[in-house]
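First up is the structure itself, then whatever we jot down about it.
The values are calculated or read from the model by the stated rules, or taken from the named source; none is laboratory data. None of the values given here were measured: they were computed from a predicted structure. Neighbour counts run over all protein chains shown; Cβ positions are idealised from the backbone, glycine included. With ligands, DNA and RNA removed, areas are computed over all heavy atoms of the protein, side chains included. Shrake-Rupley method; radii C 1.70, N 1.55, O 1.52, S 1.80 Å.
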Amino acid sequence: QVQLVESGGGLVQPGGSLRLSCAASGINFSIYAMGWYRQAPGEQRELVASITKGGSTNYADSVKGRFTISRDNAKITVYLQMNSLKPEDTAIYYCMGSTRFQEYWGQGTQVTVSS
């Protein structure tokens, strides 16, 4: 059974930091591209950051320079370090793993940036 389980969300003040984790099981993690998406209320889900199986990264313009995606294949985990958080970063953050033929999603973790 494939599972992607996010953790690390919560309430943080503007300018603060959070690190999200996504622990995978049931997949050959090292061959999957991994991504973080987010969905704010009333908005469409959008890509935040992605990392290929080889470690190449891609970021949404809105988070460049503030967020960093990384992966640890030994721990079967992908991370999203979020710094200098803004209220507009408030959303549910989802982890996604994909190959050419398969795509899996986690259940999401809430991130709220508010004073």
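I want to confirm something. Restricting to segment 102-115 and keeping residues that are under 16 Å from the mean Cα position of the chain (by Cα) and either within 24 Å of residue 27 (Cβ to Cβ) or modelled with pLDDT under 95 (or both), which single residue is most open to solvent (accessible area, probe 1.4 Å)?
Among them, the one singled out is 107.
Say we look at segment 30-85 and pick out the residues that are part of a loop (DSSP other than H, G, I, E, B) and β-branched (Val, Ile, Thr); which of these is least open to solvent (accessible area, probe 1.4 Å)? Steps first, please.
The initial filter retains those residues of segment 30-85 that are part of a loop (DSSP other than H, G, I, E, B), namely 32, 40-45, 52-56, 60-66, 73-76, 83-85.
Remaining after also requiring β-branched (Val, Ile, Thr): 52, 63, 76.
Details: 52: 58, 63: 1, 76: 65 Å².
That would be 63.
What is the residue count in segment 62-101 for residues that are under 15 Å from the mean Cα position of the chain (by Cα) and more than 20 Å from residue 112 (Cβ to Cβ)? Quick ask: steps written out before the conclusion?
Step one: filter segment 62-101 for residues under 15 Å from the mean Cα position of the chain (by Cα), giving 62-64, 66-72, 76-83, 85, 89-98.
If we keep only those that are more than 20 Å from residue 112 (Cβ to Cβ) as well, we get 64, 68-72, 76-78, 96-98.
So the answer is 12.
Can you name the residue in segment 86-96 that is of a type outside the set (S, T, N, Q) and not in a strand (DSSP E or B) and is also most open to solvent (accessible area, probe 1.4 Å) among such residues?
Initial filter on segment 86-96 (of a type outside the set (S, T, N, Q)): 86-89, 91-96.
Now drop any that are not not in a strand (DSSP E or B), which leaves 86-89.
Numbers: 86: 81, 87: 72, 88: 126, 89: 1 Å².
So, considering only residues that are of a type outside the set (S, T, N, Q) and not in a strand (DSSP E or B), the one most open to solvent (accessible area, probe 1.4 Å) is 88.
Does segment 25-33 contain any residue that is within 29 Å of residue 13 (Cα to Cα) and either in contact (Cβ under 8 Å) with a residue 60 or more places away in the chain or out of contact with any helix residue (DSSP H, G or I) (no Cβ under 7 Å at 6 or more places or on another chain) (or both)?
Pass one, segment 25-33, residues within 29 Å of residue 13 (Cα to Cα): none.
Taking every residue of segment 25-33 in turn, none turns out to be within 29 Å of residue 13 (Cα to Cα) and either in contact (Cβ under 8 Å) with a residue 60 or more places away in the chain or out of contact with any helix residue (DSSP H, G or I) (no Cβ under 7 Å at 6 or more places or on another chain) (or both).
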